[in-house]
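Inspection log for the structure reproduced underneath, given as structure tokens.
The values are calculated or read from the model by the stated rules, or taken from the named source; none is laboratory data. Worth saying up front: this structure is predicted, and the values here are computed from it rather than measured. Don't worry about glycine lacking a Cβ; one is built from the backbone with ideal geometry, like all the others, and counts go over all protein chains shown. Ligands, DNA and RNA are stripped out before the accessible areas are found, and what is left, the full protein with its side chains, is counted by its heavy atoms. Shrake-Rupley method; radii C 1.70, N 1.55, O 1.52, S 1.80 Å.
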Amino acid sequence: MKRYRSIMLALTALSAVACCGSAEEPLAIIPVPQETVRGEGHFEMPEVVTYATDLTGSERDDLRSWMSVCPVAFAEAGDAQSAVLTLSLGEGAAPESYRLEIAPARIAIAGGDAAGIFYGLQTLLQLRDQFGGRIPALTISDAPRFGYRGMMLDVSRHFRSKEFVKRQLDLMARYKLNRFHWHLTDGAGWRIEIKSHPQLTDFAAWRPYADWDGWNYGGKRYCHRDDPEARGGYYTQDDIREVVEYARLRHITVIPEIEMPGHSEEVLAVYPDLACSRQPYVNSDYCIGNEATFRFVEDVLSEVIELFPSKYIHIGGDEASKGGWRSCPRCRARMRSEGLKDVDELQSYMIRRVEKFLNAKGRDLIGWDEILEGGLAPNATVMSWRGVEGGIAAAEQGHHAVMTPSGYCYLDFCQDDPTREPPAAAAFLTLRQAYSYDPVPDTLPAHVKPMILGVQGNLWCEHVPTDEHAEHMLWPRMLAIAEVAWSPVANKDYDDFRLRALQTVRWMQERGYHPFDLAQEVGPRPESLEPVQCLSTGKKVVCEPSYHAKYPAAGDGSLTDGLRGDWNYGDRRWQGWLDTDVRLTVDLESRRPIRRIAADFMQGFFADIWMPRAVRFSVSDDGTEFRQLGEVENDVPFEFRQDCYRTFAWEGADEARYVRIEALSNGHPGGWIFTDEFIVE
Ligand code: ACM
């Protein structure tokens, strides 16, 4: 037998089509299994695959239900001897693990439990899609690295149909993801029917705007569902039950998120008494001094608990402004009566109280890492998004954590050349970067490691109005996160993964999905790959004023270090200034002939990064008296939503020792200017 650790880099795979590879072709399974041993010969897949299983009762029924809608025709064999596929429970095997043996005459899957059998079948289906009816003989032994392998979808900013959600659940199951975190409520819309509070879905689920952008920049109003302008939607309780059951049959737990105490503008618009101001459209946080807030939250959570069997109920907890609480008489009274020293403790009071409510109903609370502020509720699990520190801090305190640091797991960030990509959140996450994440690196202390339950990819949808766009953001980066979550670190190899992802993207496209077209990936900004060598390289630059402490790039020499920036202003090559004109002066150390002076600037609408209004070029012999050579005006409109990059340059013939570039602020308050290199030729 030949032993393969995983798929090896065979150039032939680059041209392989999504179906029917040759038997020698490397396996394209995602996530890469723990161990694969190739055998001799093939299994010829019949039209109808007869199977026998020792699963019983509801587990057997569930398997049958899933098989009835799966793309392969399965039929239960009269007796185990006549079955070509046996599905059995492996004695002593770990939950979700499986062993898949494909021999020329038969296939056997032994799972640690029903989920393990299901995952063995997923691997089999991937092999069938790669090799067609002729699957190479092999044995795979496989088990997940983490028990929590999640994907979050924000349906508040833009509502998505239950059919869309189910199509993503199909992919999640195929790639062995097992937690669907459904972000059902947020300031931009309430998406779940609550029978005790019909106004939530009569009003807070609808907006008189085409999309989130229109809502966010157009007054943030809601409207009645009967308004002719109404856009939005919500899931009825029957819809929710249908999706939860659909997920369950695919071994996916749906974790609902009901936001509190912040991100709740939509609730406060219909129930202003729950806001500190008692006015709609003023606050985004619930008033924690008002008992009615707790009655409302408990009413909602009671119905949520009935709908979702998940152990975890996500209560948000992120980004409360806490502003209204400081001056609110009811909140101040609460702080006095409960002995809370600040608004962080006031928030913690609410989270603890809600946790008590959930625990009494047999559920556990999970929240974003801000729930650490003011003290963590006794049994809470933390979802770490502002980096990994929150998750580690929770684990240090003996709490469980799910890792979803934005720098590796936020799928609303742009994934490739932003000038070609649709508008995205003001940050960057390539497939490679997502793949590189290790939620439990060796450097973590031993007592912290077991507290990290797993990892999750998050799709926030402010900038994602359509279903096609959502799939473009989710896939293939969720494939990378699936492999981070499932596969042993020793089996990970980005180049190898990318080849498998290319095939998988093709497979998705053939089935009507809209993943990012990885085959067309641009990769890093070309300029960032070619060091510059010019008259100013290595020379001293004086920046007036000094660059902002948050965006120093590589510090004082950064603008003449020969290194140009990548697409991402946070890559430590772009230097930034806030709310100011910028004057940069280079001393060439002697009088030199000059043909060109240039600098690149970028615009990132959602990061408040603007092109300069104009850029002036001047020179001097003494460093005091400057002669202006030219001025170039900006031609990128303020409203332009897509990130873009422009070179501002003067060309001519002159001679001087000192060269100056002045970038004039476009005057929008809170606006940044970013540049990456000062070029003199
Ligand atoms: C978050 O991104 N506010 C959890």
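What is the gain in length, in nm to one decimal, between residue 319 and residue 510 on full extension, counting 0.36 nm per residue of separation less the C-alpha to C-alpha distance?
64.8 nm
Skip the ligands, DNA and RNA, and give the accessible area per residue of segment 189-255 with a 1.4 Å probe, whole Å².
For segment 189-255, the per-residue accessible area is 44 Å².
Tell me, what is the FRET efficiency for residue 282 and residue 337 to the nearest 0.05, using R0 = 41 angstrom and their Cβ-Cβ distance as r?
Efficiency computed from Cβ-Cβ geometry: 0.95.
Any idea what log10 I(q)/I(0) is at q = 0.16 Å⁻¹ for segment 305-464, Debye with uniform C-alpha scatterers and no solvent?
-0.99
At 1.4 Å probe size, what's the solvent-accessible area of residue 166? Round to the nearest 10 Å².
Using a 1.4 Å probe on the heavy atoms, I get roughly 40 Å².
Mind checking which aspartates and glutamates have their Cα closer than 14 Å to the Cα of residue 166? Skip sequence neighbours fewer than 8 apart in that chain.
239, 242, 245, 467, 471
First measure r as the distance between the Cβ atoms of residue 364 and residue 299, then evaluate 1/(1 + (r/R0)^6) with R0 = 22 Å and state the FRET efficiency to the nearest 0.05.
Here the calculated transfer efficiency is 0.65.
How far is helix 57-68 tilted, in degrees, relative to the longest principal axis of the Cα atoms in the chain, given as a value from 0 to 90 rounded to the nearest 10?
That helix lies at roughly 60 degrees to the long axis.
In whole Hz, what ³J(HN,Hα) sequence does segment 601-610 give by Karplus (6.51, -1.76, 1.60; θ = phi - 60°), x for Gly and Pro?
These are the phi-based 3J(HN,Hα) values: 10, 10, 10, x, 3, 7, 10, 6, 9, 10 Hz.
Test of understanding: what is the full-extension gain from residue 631 to residue 432, defined as 0.36 nm times their sequence separation minus their Cα-Cα distance?
67.7 nm
If you line up the long axis of helix 237-249 against the longest principal axis of the chain, both from Cα atoms, how many degrees apart are they, to the nearest 10?
70
With runs of 4+ DSSP H residues as the only contributors, calculate the mean residue ellipticity of the chain at 222 nm using -39,500 (n - 2.57) per run, divided by the residue total and rounded to the nearest 500.
-7500 deg cm²/dmol
Would you list which lysines come within 26 Å of residue 162, measuring only between C-alpha atoms, while excluding same-chain residues fewer than 8 positions from it?
The qualifying lysines are 176, 195, 220, 311.
Would you mind telling me the antiparallel percentage of the DSSP bridges in the chain, rounded to 5?
Here the share of antiparallel DSSP bridges comes out near 60 percent.
As a test of reading the structure, rank 346, 563 by solvent-accessible area (1.4 Å probe, protein chains only), most first.
Accessible-area ranking of 346, 563, largest first: 563, 346.
Accessible area, 1.4 Å probe, largest first: how do 56, 504, 466 sort?
Final ranking, largest accessible area leading: 56, 466, 504.
State log₁₀ I(q)/I(0) for segment 31-181 at q = 0.08, 0.10, 0.17, 0.18 Å⁻¹ as given by the Debye formula over alpha-carbon point scatterers of equal weight, solvent excluded.
-0.24, -0.37, -1.01, -1.12
Going 7 Å from the Cα of residue 225 toward and past its Cβ, which residues in segment 154-168 have a backbone nitrogen under 20 Å from where you end up?
Residues 155-165 fall inside that zone.
Helix 329-338 versus the longest principal axis of the chain: what angle, 0 to 90°, nearest 10, using Cα atoms?
60
What is the percent carbon and sulfur in the accessible area of the chain, measuring with a 1.4 Å probe over the protein chains and ignoring ligands?
Answer for the chain is 49 percent, counting heavy atoms of protein chains only.
Order the peptides 189-198, 644-653 from the highest to the lowest mean number of other Cβ atoms within 10 Å of their residues.
The densest-packed peptide leads the list: 189-198, 644-653.
As an exercise, use a Förster radius of 56 Å and the Cβ-Cβ distance of residue 592 and residue 495 to find the FRET efficiency, rounded to the nearest 0.05.
0.80
At 1.4 Å probe size, what's the solvent-accessible area of residue 134? Round to the nearest 10 Å².
Accessible area of residue 134: about 110 Å².
Arrange the residues 469, 314, 400 by how much accessible surface each exposes, largest first, with a 1.4 angstrom probe.
If we order 469, 314, 400 from most to least accessible, we get 400, 469, 314.
Report the accessible area of residue 211, computed with a 1.4 Å probe over the heavy atoms of all protein chains in place, in Å² rounded to the nearest 10.
50
Cross-link partners among aspartates and glutamates for residue 492, C-alpha distance below 19 Å, same-chain residues fewer than 8 apart left out?
In chain and number order, the partners are 25, 35, 142, 438, 442, 483.
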